[in-house]
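Novice: My questions all concern the structure below.
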Amino acid sequence: VSEQSGQIAANGKADTLTITGPDGNIRVFADGITPPPKLVLVGTGHDVAPAVDLGKKNDFKVSVVGFRGAQADSERFPKADHVTSTSPAVIRDAVDIDEDTYVVVMTHNFIDDRLAVDELVKSATSYIGLMGPRNRFEEMLTEFEAEGREFSQAELESVYTPVGLDLGGGTPYQIAHSIISEVLAIHNDRQPRQLKKRDGPIHRRAEDNQSSS
């Protein structure tokens, strides 16, 4: 029972358990609760606050990380769960990044972005969104190569650039929608496409979320 209840808690699923006691067996309903996924936004520009807002509305635990004396405090980002300031070379020491963490680098500073990406690909995250055009990342890779820094295929696959889905918008909130939509798709293991082109149910059926071990 303890093993099954642990799996239910870890997966955030619901199921019934049979517990054996001195007076016989009883069946109880258990509903697992998982911690919220984490979204780390690296940068303090005008486009960060909308991403914080939409990240919170989509049930992420949101952290903001600023560099080089930028205004990285709760007064500027009151909706964030955590705000901190550090340097890109030690970003992994400043914020906890595990396999359920999604990171978006949006400092708009080439050097800071480059240093941050070099650190973030060494973390457990499988999603590093990088603002800017594709050739900007290619320029980074060229500089890394000149320094003898080679990226593994897994490291390259963790970098999503240009970040976001092609929704056609250009305002800060429209860009934030694009970014958070992509993060949600990755988190939910979905390939983004129009629902009218999807076969079958829109959402996973309840029984899919209640499988027992």
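The values are calculated or read from the model by the stated rules, or taken from the named source; none is laboratory data. On a predicted model such as this, the values are computed, not experimentally measured, just so you know. Methodologically, a virtual Cβ is constructed for each residue, glycine included, from the backbone with ideal geometry; neighbour enumeration extends over all protein chains shown. SASA here: full protein model, heavy atoms, side chains in, ligands and nucleic acids out. Shrake-Rupley method; radii C 1.70, N 1.55, O 1.52, S 1.80 Å.
Novice: Can you tell me what share of the DSSP beta bridges in the chain is antiparallel? A percent to the nearest 5 is fine.
Specialist: 30
Novice: Run the count for the chain, please: Lys pairs, Cα-Cα under 13 angstrom, 8 or more apart or on different chains.
Specialist: For the chain, the number of qualifying lysine pairs is 6.
Novice: May I ask you to derive the FRET efficiency for residue 99 and residue 57 from their Cβ-Cβ distance with R0 = 22 Å, giving the value to the nearest 0.05?
Specialist: Result of the calculation: an efficiency of 0.40.
Novice: With all protein chains present, how much of the accessible area of the chain (probe radius 1.4 Å) comes from carbon and sulfur, to the nearest whole percent?
Specialist: 48
Novice: Order 187, 108, most accessible first, counting only protein heavy atoms with a 1.4 angstrom probe.
Specialist: 108, 187
Novice: Also: Going by amide H atoms built from the backbone, whose H comes under 5 Å of the H on residue 105, apart from near neighbours?
Specialist: Close amide H contacts, sequence-distant or interchain: 42, 129, 130, 131.
Novice: Hey, another quick one. Assigning unit charges at the beta carbon (Lys, Arg +1; Asp, Glu -1) and nothing else, what dipole magnitude in debye, to the nearest 20, does the chain show about its Cα centre?
Specialist: Around 820 debye, computed over the chain.
Novice: Now a separate question. Please check the chain for the longest run free of GluC sites (Glu not before Pro) that are loop-located per DSSP (anything but H, G, I, E, B) and have at most 12 other Cβ atoms within 10 Å.
Specialist: Maximal segment without exposed cleavage sites: 1-74.
Novice: Turning to a different aspect of this structure: Which whole DSSP H helices in the chain pass both tests: a Cα extent of 18 Å or more along the axis and a mean Kyte-Doolittle value no lower than -0.5?
Specialist: Flagged H segments are 172-187.
Novice: May I ask you to rank 163, 105 by accessible area, largest first, using a 1.4 Å probe over the protein chains only?
Specialist: Correct descending sequence by accessible area is 163, 105.
Novice: Suppose we look only past 22 Å in the calculated P(r) of the chain. What percent of the Cα-Cα pairs does that tail hold?
Specialist: Counting every Cα pair in the chain, those more than 22 Å apart make up 57 percent.
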